[in-house]
1. Test of understanding: among 189, 150, 156, which residue is under 15 Å from the mean Cα position of the chain (by Cα) and modelled with pLDDT of 95 or more?
2. I need the full set of residues from segment 149-201 which are outside any loop (DSSP other than H, G, I, E, B), touching a Lys or Arg at 6+ places or on another chain (Cβ under 8 Å) and of a type in the set (Ser, Thr, Tyr), in order please.
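The values are calculated or read from the model by the stated rules, or taken from the named source; none is laboratory data. Nothing here was measured: the structure is a model prediction, and the numbers come from that model. With ideal geometry, Cβ positions are generated from the backbone for all residues, glycine too; neighbour counts draw on all protein chains shown.
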Amino acid sequence: MKHLVIIGARGCGREVLEWVRDINEIEHKWDGFSFLDYDEKALDGKRCDVKIIGNEDDYIIQKEDEFVCARGDGKIRKEIIEKMERRGATFVNIIHPTAIVGDSVKIEGAAILYPNCIISADVNIGKGCIVNMNSVIAHDVTLGEYCTLSNNCDISGGCNIGNNIFMGVNAHIIPYTTVEDNAYICAGSTVMTKVKANYKMMGNPAKRIKGW
C-alpha cells in the first residue's frame, strides 16, 4: 500500500489532506498521510492529526511513497517538484471525486483538481497545475505548466494559456484568447485580449497594471 506525502502543511496542504481523504473513502489508495514543511510549527493550533515528518531536503524517500506538492505559488511548485524528482520522488495527480473531467482530457502529471471543478473536452493540462473549487476549463484549452486557478475561475473554449499563470478568485478569460507565460490575472478580472508574458491584469475588461 502507498503512503502519500504532502509537501506543504499550510492552507493549501491542509485542504489537499481533506481531498485525499475523500478519495480514500471511495478507493483506498493510501495507507496514511504525512506532511513535509520547513516550519515544524506550521500545524500548531490547527485541527489536524497528520504530522510533519521533515522537509523536502532532509526527508529520505521510501519505496512506498507518493507525493503531492501543495504550494500555491507555481514557481515554488516547479522548484520543489523538479528537485524531488531528481531524488527519485513520484508525484501523482490528486483529482477530487466531485471533479468532472472529460474522457478526452490529458493531464501531464502532479496536478491537483479541487472539488466541483470541471475540465471539458480535449483540454490539455500541463504538469503541476492546481484548479481550485468550482473553476471551469472549457473545450480545446491548452493550459501550460504550473498554473494556478483560484476559486470560481473560468477559461473559455479554445484558449491558449502559458506556463505559471495565476488567476485570482472569479477571474475569467473569454474564448480563443492567448495568455503568455507568467501572467497574473487579478481577482474578478475579465480578460478579453491577448495578455503578454509577465503582465499583471486587472479589471473588466482587464487592463495591464503598469510597473508590475
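1. Working: 189 fails: under 15 Å from the mean Cα position of the chain (by Cα); 156 fails: under 15 Å from the mean Cα position of the chain (by Cα).
Criteria check complete, one pass: 150.
2. Answer for segment 149-201, where residues must be outside any loop (DSSP other than H, G, I, E, B), touching a Lys or Arg at 6+ places or on another chain (Cβ under 8 Å) and of a type in the set (Ser, Thr, Tyr): 178, 184.
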